[in-house]
């Protein structure tokens with residue numbers, strides 16, 4: 001792979017699409033939507049790259065309707081389960097053929113493994129976990145992500161190296177329906193012989209059902225003691241909510257990381273998010289952008305979460321919770 | 001078998017940044033060992049014990065890149081059980097992004113002799129990118145196994161670990177060399193004993209500068225070499241969407257219940273002891 005400079009790049013945005021439990025992973029449709037929006041703003045062409053063990057009928061239908069001009073299909077049983085060293089040659093092959101100016105991937109574990117491998121070969125950089133993407137006046141991709149532990153936002157550019165690579169946080173960018181016209185061309189592609197596998201991967205379980213809880217109850221640093229968690233578990237049942245937490249409670253060891261909302265945890269997009277004792281670091285906010293409505297309760301009137309909440313309440317969380325779950 | 005751990009000192013409190021350059025200023029914040037690195041160190045020490053020969057467990061080497069005070073993170077690693085500590089420290093390394101950090105760390109390992117097993121924390125709490133372990137493995141030409149949530153075994157002939165991907169749980173087996181990015185659920189970190197802590201204070205820490213690396217060309221390091229540039233840092237919040245309401249607990253409870261899907265605008269029933277909204 002010969003690294004290329006900006007002069008060698010085509011005005012093309014390449015969307016990295018990945019398989020999901022049914023069809024494509026939903027992040028792929030978000031990426032396709034972002035690629036189409038940026039292409040419209042900057043006069044780019046669009047393409048996608050789909051690397052998977054097989055093409056299921058559901059995935060075919062979604063890819064045909066994703067709104068990109070074409071999707072290159074790299075299908076090989078060796079691509080499932082995901083092993084980054086096996087998929088990287090396919091991604092690099094596609095990048096070598098299409099020479100994109102911009103390459104977008106999902107900030108899923110898969111995308112966050114594959115992107116740095118490809119970036120090393122391409123001698124380019126990546127901005128990981130972007131929460132916003134735009135083009136500046138010079139046509140460069142402005143990659144926005146939370147920074148420095150989540151206290152601030154950073155805008156990052158890749159001025160020289162190509163492609164400009166970014167991974168996109170899942171659950172933040174809107175799905176942009178492209179209609180059912182089936183206008184995306186699916187183009188089978190072949191990277192040639194794959195390198196011998198150095199590791200063997202075996203899928204053990206499918207991911208937990210993708211059903212989003214309609215109500216999420218999130219606890220933060222305002223919770224005083226580990227023993228109190230059981231009370232909040234009861235409260236979550238009363239509210240019919242999934243119980244989750246901010247990073248601070250994961251760092252105290254009171255919640256597993258799988259229940260953490262935020263940049264280094266999960267993104268949630270419930271109908272209603274109720275936060276108790278959460279201040280609202282940028283790191284946390286990065287995980288709740290998809291929430292339809294937010295009801296936030298905090299004793300500190302200056303807590304950032306109260307500024308973005310639809311129902312911002314200043315109140316002691318224990319006293320309020322006691323009324324909800326006597 | 002040689003075992004290495006990459007660690008990082010992260011700001012313990014709030015870090016500031018230089019408004020001109022967009023670079024992190026660590027001066028005010030007391031640095032601490034990146035919390036994820038405790039899990040990486042524990043995994044490395046367990047691997048060393050599992051792979052111990054007749055002479056006992058092999059030495060675990062901790063490597064970091066950072067300013068002189070990053071020695072503090074290395075001493076923490078020594079206190080926890082690392083046998084050797086190595087600091088890559090040069091003003092020419094400053095401002096490196098994830099890609100160039102990985103390249104610099106790779107140079108350190110190459111100079112030392114690339115270990116058969118390298119452990120990293122899955123991510124750092126300041127950068128949160130999770131990119132360095134994979135980029136480092138790519139630089140070294142060894143496979144990277146990320147998102148490790150359980151360790152089944154490390155044996156002389158190979159390893160078996162479980163990783164959590166968006167596609168579910170995957171068992172990964174392979175031989176060495178290999179790099180592992182360790183999540184918080186994989187192991188239970190040990191605490192450092194007081195004698196070890198005292199010993200670690202006096203233990204030597206090797207320091208290498210740019211001139212010590214196999215590739216000493218300054219333009220390949222630090223901010224100048226980094227493909228990505230921070231252009232702007234800003235506080236993300238504007239005006240409040242709705243002015244916060246100071247409410248008593250009963251009102252708060254009623255407002256929360258009234259906001260549940262399907263209950264908007266409806267009179268709020270008294271809270272019941274079970275079930276949930278329809």
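Values quoted throughout were computed directly from the atomic coordinates according to the rules given, and no laboratory measurement underlies them. None of the values given here were measured: they were computed from a predicted structure. Cβ placement follows ideal geometry from the backbone for every residue including glycine, while neighbour counts extend to all protein chains displayed.
Here are a few things to note about the model shown:
- For A:112, B:202, order by how many other beta-carbon atoms lie within 10 Å, fewest first: B:202, A:112
- For peptides B:189-199, B:52-62, A:114-124, sequence by mean Cβ density within 10 Å, most packed first: A:114-124, B:52-62, B:189-199
- Put in line by how crowded their Cβ is, counting other Cβ atoms within 10 Å and starting with the fewest, B:125, A:199, B:206 read B:206, A:199, B:125.
- Per-residue shielding of A:162-174, expressed as the average number of other chain Cβ atoms within 10 Å of the residue Cβ, stands at 1.
- Calculated on the alpha-carbon coordinates, the convex hull of region B:3-225 measures out at 128 cubic angstrom per residue.
- 10 Å Cβ neighbours from other chains, averaged over peptide A:66-76: 0
- Estimated translational diffusion coefficient (Stokes-Einstein, Kirkwood radius over Cα pairs, 10 °C, 1.306 mPa s) of region A:215-324: 118 µm² per second.
- Theoretical FRET efficiency, 1/(1+(r/R0)^6), r = Cβ-Cβ of residue B:242 and residue A:41, R0 25 Å, to 0.05: 0.20
- Mean partner shielding of peptide B:63-71, defined as the number of other chain Cβ atoms within 10 Å of each residue Cβ, is 0.
- Sorting A:314, B:142, A:288 from the fewest to the most surrounding beta carbons within 10 angstrom yields A:314, B:142, A:288.
- For the pair residue B:217 and residue A:202, label points projected 7 Å from Cα toward Cβ lie 4.5 nm apart.
- With contacts taken as Cα pairs under 8 Å at a separation of at least 6 residues, region B:44-83 carries a relative contact order of 39 percent.
- Modelled FRET efficiency - R0 30 Å, residue B:111 with residue B:188, Cβ distances, 0.05 increments: 0.35
- Relative contact order for chain A, counting Cα pairs under 8 Å that sit 6 or more residues apart, in percent: 16 percent
- By the helix-only formula, in which each DSSP H run with n ≥ 4 contributes -39500 (n - 2.57) and the sum is divided by residues, chain A has a 222 nm mean residue ellipticity of -7500 deg cm²/dmol.
- In percent, rounded to a whole number, the relative contact order of region A:215-324 is 24, using alpha-carbon pairs under 8 Å and six or more apart.
- Placing a pseudo-label 7 Å from each Cα along the Cα-to-Cβ vector at residue A:22 and residue B:201 gives an inter-label distance of 6.2 nm.
- Relative to one another, the C-alpha centroids of region B:102-117 and region A:73-125 are positioned 24 Å apart.
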